[in-house]
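Right, one structure below, let's go through it.
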Amino acid sequence: MAVGRPLRILVAKPGLDGHDRGAKIIARALRDAGFEVIYTGLHQTPEMVAEAAVQEDVDAVGLSILSGAHLTLFPAVVEELRQRGGGDKVVFGGGIIPDEDVPALARAGVARVFTPGASTQEIVDWIRANVPRRAA
Amino acid sequence: MTRREWLEKRYRSEKERDVRFSTVSDMEVEPLYTAEDLPPDAAERIGVPGEFPYTRGVYPSMYRGRLWTMRQFAGFATPEDTNERFHFLLKQGQTGLSTAFDMPTLMGYDADHPRALGEVGREGVAVSSLADMRALFKDVRLDRVTTSMTVNCSASALLAMYLAVAEEQGVPWTQLGGTIQNDMLKEFIAQKEWICPPEPSLRIVVDMIEFCAREVPRWHPVSISGYHIREAGSTAVQELAFTLADGIAYVEAAVKRGLAVDDFAPRLSFFFNLHNDFLEEVAKLRAARRLWATIMRERFGARDPRSLRLRTHAQTAGCSLTAQQPLNNIVRVTVQALAGILGGVQSLHTNSLDETLALPSEQAVMVALRTQQILAEESGVTNVIDPLGGSWAIEALTDRMERDAREYIDRIDGFGGMVKAIDAGYPQREIADAAYAYQQQIDRGEKAVVGMNRYQVPEERPTDLLRVPLEVEQRQADRVRRVKRERDGAAARAALQRVRAAAESGENLMPPLVAAVKAMCTVGEIADVYREVFGQYRDPAWL
């Protein structure tokens, strides 16, 4: 393991909604917390997100979605990652996501879902505690 | 005692609470405003209602003459579901319709497109073809309501469909009243639903301004919107400045096309956000009117008073609502709506208390509408025109918002106008910086969000949320496939070809678009023509 290598996180916006306020705030907060952050930009397909995650060799993928399509798109990202040998990357997400959808997302392989009101510090702390640094 | 003397002799020795006295946009405010804060020409700058510079309102009688239009934004699932919600809202006393479309429609994809997967009918109503539009407005007489349609990059196709439905109802276009948002510049700045790059997007907007000025004279072909700029995290001043700068860009483009300013400017309308900070929001709306009137007169030489009047819809701030203790949102919405009313808006949407969790339930929408009705009919604030006018604080803040916004507009002029500023990423970065700064203030507890970063209680999230069943997607995809199968294929292809020819030649797109939607060409097919002719815009992904 490369000692001291900062965690690399892909912040991604799958789907068609253009609400990037949250994703950009999280990306900046993670960068300020010392992580290496790559931001995909808007309107990504699950394939594009997974491809970027593998290409960029990230440790974790943070997904943001506010269009209500999370039950379709989050599992699709996890599946696309697996198909590309990126199944070990931690996937987490946030957005307008009802609590009752969280168990289904967990079963699909989404490690944690942050809902409205989560602070950036909470997300930083969770990543530090739950995202292992992958072997270089 | 002058204000300075009072500050030094009386105020400074008093104890202040240990907080930063600043607006939600972090603009610091004075402890006290007095007549000394007003400029020598204050009386002229404030004026009277219905007269230049319209600080006190665009009409002489304001709400004594006519209340604002109560217009709740609605749209979800199938056109039939949304049509039912429309009829419910009209029965509850709502006075205008406002349509929310789903993400695929907003981005120019049909319900059966792979990119639409999981998104159909979720955030608004799915409309792919004229068949959907007919169902959406079933039993709604289009000459008896005014309709607002929130759609931008695919607006030209949706307006064409609305015009086709009116024709089928026997309603002449000259009797159609309503608004299509169609503000592409703020899409690149904030809301970020687009098809092609800024230049061709602007050209399509001008096509619609030109067409409506001629054929649909009571229609508002563009609603110049600050709402989304604010929701993306801007300050109040940025919202004001970027919105008016977008307006300047549309007027410049239309004048360049050869239109006379007074032939189209009376049909430009606006859309502002109403956030939590009461005084700041009232001042913003008053400053907006004065600035726009001055810009239209001085910069564009408009003579018709209707060209000078900034008429605006407003909506309470979705981004201010909390998932925690959602009933508190009713109170936030009330304060925000009151700021809109005292700011003199012409039309209002009040948000529903459950919007941070899902699409609003019927009950939540009813409370939101009742909030407006209580303010309109019980509170008494509608009896006096601009009751806050002449308040030293309000007038001083109005002056300050105007001055600060002018500085931003000058900076945008320095880029060579808004399109150039967008290409440089300037407004986008300003907003992202403000959004991040505000989030940090919330995270540090410097800005209060009651129930979220203070006064928390353990609670369960409600589970009786409005959910859109997954079958909707299948149903809408099947419908658009059937439309494509059953139409006259050769006629549809020829109609699309005429749209392409107009896109390429620079001829106005609207007439061939109306013909194309009547030939059952779809939103996705029309957007594909745009993508092919103008190229596809991609997010520069600036952080």
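Once you reduce region A:8-49 and region B:345-405 to the center of their Cα atoms, the two points are 34 Å from each other. Residue by residue, region A:21-36 carries 3J(HN,Hα) couplings of 4, x, 4, 5, 5, 4, 4, 5, 5, 5, 5, 5, 7, x, 7, 8 Hz when phi is fed to the Karplus relation 6.51 cos²θ - 1.76 cosθ + 1.60 (θ = phi - 60°); x denotes Gly or Pro. Ranking B:V58, B:T2, B:M70 by Cα position along the charge dipole of region B:1-78, where only Lys, Arg, Asp and Glu carry charges on their C-beta atoms, puts B:M70 farthest toward the positive end.
Here B:K256 is the anchor, and the lysines within straight C-alpha reach of less than 22 Å, apart from those fewer than 8 places off in the same chain, are B:K186, B:K420. Database remark: amide H of A:V91 closer than 5 angstrom to the amide H of A:V61, A:A111 (H placed geometrically; neighbours at sequence offset of 5 or more, or on other chains; Pro and chain starts carry no H).
3J(HN,Hα) couplings calculated from phi for region B:351-357 with the Karplus curve 6.51 cos²θ - 1.76 cosθ + 1.60 (θ = phi - 60°) are, in sequence order, 6, 8, 5, 9, 5, 6, 9 Hz; Gly and Pro show x. Note on B:R303 and B:R4: the model spin-label points, each 7 Å out from Cα along the C-beta direction, lie 4.7 nm apart. Within the same chain, aspartates and glutamates fewer than 8 places from B:K484 are excluded, and of the rest, those with a Cα less than 14 Å from its Cα are B:D110, B:D112, B:D132, B:E525. If I fit a long axis through the Cα atoms of helix B:471-486 and take the longest principal axis of the Cα atoms of chain B, what angle between them do I get, 0 to 90°, rounded to 10? Taking the Cα atoms of chain B, the angle to B:471-486 is about 40 degrees. Once backbone amide H atoms are built at 1.01 Å from N, B:A314 has B:F272, B:S347, B:L348, B:H349 as its partners under 5 Å, excluding neighbours fewer than 5 places away on the same chain. Neighbouring Cβ atoms from other chains, within 10 Å of the Cβ of residues in A:70-76, number 3 on average.
With both labels modelled 7 Å from their Cα along Cα-to-Cβ, the A:N130 to B:V29 distance reads 4.0 nm.
Evaluated with a Cβ-only charge set (Lys, Arg +1; Asp, Glu -1), chain A carries a dipole of roughly 360 debye about its Cα centre, given to the nearest 20. The length gained on full extension between B:M366 and B:A448, counted as 0.36 nm times the residue separation minus their Cα-Cα distance, comes to 26.7 nm.
For region B:260-269, putting each phi into the Karplus relation 6.51 cos²θ - 1.76 cosθ + 1.60 with θ = phi - 60° gives couplings of 7, 4, 6, 7, 10, 4, x, 9, 7, 9 Hz, in residue order, rounded to whole numbers and with x for Gly and Pro.
Among B:V529, A:V110, the ranking by other beta carbons within 10 Å of each residue's beta carbon, starting with the fewest, stands as A:V110, B:V529.
Amide H contacts under 5 Å for A:Q44: A:K13, A:G15, restricted to partners 5 or more places along the chain or on a different chain, H placed in the peptide plane at 1.01 Å from N.
Calculated from the alpha-carbon coordinates, region A:8-129 shows an Rg and a Dmax of 12.7, 33 Å respectively. Cβ-to-Cβ counts within 10 Å put B:D386, B:D464, B:D102, A:D20 in ascending order as B:D464, B:D386, A:D20, B:D102, the fewest first.
Considering Cα pairs under 8 angstrom that are at least six residues apart, work out the relative contact order of region B:472-534 and quote it in whole percent.
It comes to 39 percent, rounded to a whole number.
Ranked by the mean number of other Cβ atoms within 10 Å per residue, highest first, peptides B:11-17, B:316-322, B:56-62, B:170-176 order as B:316-322, B:56-62, B:170-176, B:11-17. Pairs exceeding a 29 Å alpha-carbon distance, out of B:K192/B:K447; B:K284/B:K447; B:K138/B:K284; A:K89/B:K447: B:K138/B:K284; A:K89/B:K447.
We did not get these values from a lab; they are worked out from the coordinates using the rules stated. Fair warning: this is a prediction, and the values are worked out from it, not measured in the lab. A quick note on method: Cβ atoms are made from the backbone with ideal geometry, for glycine too, and the neighbour counts reach across all protein chains shown.
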